[in-house]
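Q: Below is the structure I would like to discuss, written out as structure tokens.
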Amino acid sequence: MKKTPFTEIHHALGAKMHEFAGYDMPIEYSGIIDEHLTVVDKVGVFDVSHMGEFWVKGPNAKAFLQKVTSNDIANLPVGKAQYTCFPNDKGGIVDDLLVYHYEPEKYLLVVNASNIEKDWNWCVKNNTEGAELENASDNMSQLAVQGPKALDTIQKLTDIDLTAIPYYAFVTGKVAGVDQVIVSNTGYTGCGGFELYFYPQYAGNIWKALFEAGAEFGIKPIGLGARDTLRLEAGFPLYGNDLDDTTSPLQAGLGWITKFSDGNNFISRPLLETEKAKGLPRKLAGFEMTGKGIARHGYEIANREGEIIGIVTSGTISPTTKKGIGFGYVKPEYAALGSEIFIRIREKDVEAIVVKPPFRKKN
């Protein structure tokens, strides 16, 4: 298994470790619920160094990204980030990702750990524009510092005014004495905070400095288990669960990152325009359990008559609300807010209702 620069630290802290995307990763430390609530109420640190990073550079970088990503980067200014996806040639999703406009002719793509090789091959295959591509995944580490006390923690370590970094923006500067750290405000927990990107050789210094600075706020290391419950409560989809090669961004509720604007002639645009015009065969819906039970990935969704109308893609008990929550693809007529649906749990149909995420309302 691959290691991140923090793997030995996770083992030393007694984390429950497991393979994820080929890496030896921490699933939990003090327990998923405790870690989840730490991020909601205080501050937690996630090792997300397993994520992939690609640089796209040169005069043809913009044209290349307009082709391979669904969102429109034409008006993405330097210093801002954008959520988007790689559509495949059948209208599905190769991966969802972030695009950072780093310099006028330089972009950073941050992709999912489990898709690094697949995404890289997709970019290389479709690079007929001649953009300069660099896979920097092994030369970049990342920590996500999340929660309401994340800003106060990191601010102790930098002269950058963190309050001046709006949502989906970033700056590069010095943090904990380390130069060229990318400080990004994108987040995958719905609790606020920042992501720090830096060279692997500085990993130990930055980890130590963060935990010293955050001690007064109850800072804790957080594993991938709580990362999943936090993202689901926040209403964020997960590739491999809610998104995959067979789900179109329109079906997944990602029409807002699928821009049919002039000049944005991305791969599969005609297919997706046709799908939008004809009407979607299914939609991703958020739901709350009103009956007793926990929805899990792969469970069937039925209507009152017992007809199968969809499938659960993500599900858990919300540590914050104590309610069963989830996502699932259903026939469009059952995706409207307030629709009654039933999750088939061990051959019993348990009541649920379609609601609008996020499932955890902000304070």
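Q: It is to be established whether one or more residues within region 224-235 are farther than 24 Å from SER137 by Cβ, β-branched (Val, Ile, Thr), not in a loop (DSSP other than H, G, I, E, B) and not assigned by TED's automatic domain parsing to the domain that holds SER70.
A: yes
Q: Now for a separate question. Kindly list, by first and then second residue, each pair from a residue in region 260-278 that is part of a helix (DSSP H, G or I) to a residue that is charged (D, E, K, R), limited to pairs with Cβ atoms under 9 Å and residues at least 6 apart or on different chains.
A: Here the result reads LEU271/ASP89; LEU271/LYS90, each pair linking region 260-278 to a residue that is charged (D, E, K, R).
Q: Please go through region 124-175 and pick out each residue that is in a helix (DSSP H, G or I) and either buried (at least 21 other Cβ atoms within 10 Å of the Cβ) or modelled with pLDDT under 95 (or both).
A: Restricting attention to region 124-175, the residues satisfying the condition of being in a helix (DSSP H, G or I) are 124-125, 137-139, 150-155, 162-164.
ALA150, THR153, ILE154, listed by residue number.
Q: Could you tell me whether region 55-66 includes any residue that is buried (at least 21 other Cβ atoms within 10 Å of the Cβ) and within 19 Å of the chain's Cα centre (by Cα)?
A: No, there is no match, as no residue in region 55-66 is buried (at least 21 other Cβ atoms within 10 Å of the Cβ) and within 19 Å of the chain's Cα centre (by Cα).
Condition check ((1) crowded, with 20+ Cβ neighbours inside 10 Å; (2) within 30 Å of ASN127 (Cα to Cα); (3) among the hydroxyl-bearing types (Ser, Thr, Tyr)) across all residues:
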position	(1), (2), (3)
GLU273	no, yes, no
LYS278	no, no, no
GLU333	no, no, no
ILE341	yes, no, no
LYS356	no, no, no
PHE359	yes, no, no
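Q: Inspect region 222-239 for any residue being over 13 Å from the mean Cα position of the chain (by Cα) and more than 21 Å from VAL40 (Cβ to Cβ) and give the result as yes or no.
A: Checked against the condition, which is being over 13 Å from the mean Cα position of the chain (by Cα) and more than 21 Å from VAL40 (Cβ to Cβ), region 222-239 yields no hits at all.
Q: Looking at region 1-23, I want the residues that are touching a residue at least 40 places away in the same chain (Cβ under 8 Å) and have a partner that is part of a loop (DSSP other than H, G, I, E, B) and exposed (fewer than 14 other Cβ atoms within 10 Å of the Cβ) with Cβ atoms under 6 Å, at least 6 apart or on another chain. Which pairs are those?
A: Once the first residue is touching a residue at least 40 places away in the same chain (Cβ under 8 Å) and sits in region 1-23, its partners that are part of a loop (DSSP other than H, G, I, E, B) and exposed (fewer than 14 other Cβ atoms within 10 Å of the Cβ) give LYS2/GLY22.
Q: When GLU195 is evaluated against the numbered criteria (1) in a strand (DSSP E or B); (2) closer than 28 Å to PRO319 by Cβ; (3) touching a helix residue (DSSP H, G or I) at 6+ places or on another chain (Cβ under 9 Å), which criterion, by number, is the only one it fails?
A: It fails just one condition, (3).
Q: Right, something else. Look through GLY187, GLY204 and report the one residue that is closer than 20 Å to GLY223 by Cα and either acidic (Asp, Glu) or assigned to a loop (DSSP other than H, G, I, E, B) (or both).
A: GLY187
Q: Consider region 313-363. How many of its residues are closer than 18 Å to ASP242 by Cα, part of a loop (DSSP other than H, G, I, E, B) and touching a Lys or Arg at 6+ places or on another chain (Cβ under 8 Å)?
A: So the count comes out to 4.
Q: Given the conditions (1) in contact with a Cys (Cβ under 7 Å, 6 or more places away or on another chain); (2) under 30 Å from GLU216 (Cβ atoms), report the number of the one that VAL68 does not fulfil.
A: VAL68 satisfies all of (1) in contact with a Cys (Cβ under 7 Å, 6 or more places away or on another chain); (2) under 30 Å from GLU216 (Cβ atoms) except (2).
Q: If a residue must be in contact with a Leu (Cβ under 7 Å, 6 or more places away or on another chain) and more than 27 Å from THR258 (Cβ to Cβ), how many such residues does region 272-319 contain?
A: Qualifying residue count, region 272-319: 2.
Q: Within 24 Å of GLU8 (Cα to Cα) and not assigned by TED's automatic domain parsing to the domain that holds LEU76: is that true of GLY218 in this structure? Break it down into steps so the answer makes sense when it comes.
A: On the way: within 24 Å of GLU8 (Cα to Cα): yes; not assigned by TED's automatic domain parsing to the domain that holds LEU76: yes.
So GLY218 passes the test.
Q: Pick from GLY177, GLY173: which is more than 26 Å from ARG231 (Cα to Cα), among the small types (Gly, Ala, Ser) and touching a Ser or Thr at 6+ places or on another chain (Cβ under 7 Å)?
A: None of the others qualify; the one that does is GLY173.
The values are calculated or read from the model by the stated rules, or taken from the named source; none is laboratory data. All values derive from a computational prediction rather than experimental measurement. Counting neighbours? That spans all protein chains shown, and the Cβs are built from the backbone with ideal geometry, glycine included.
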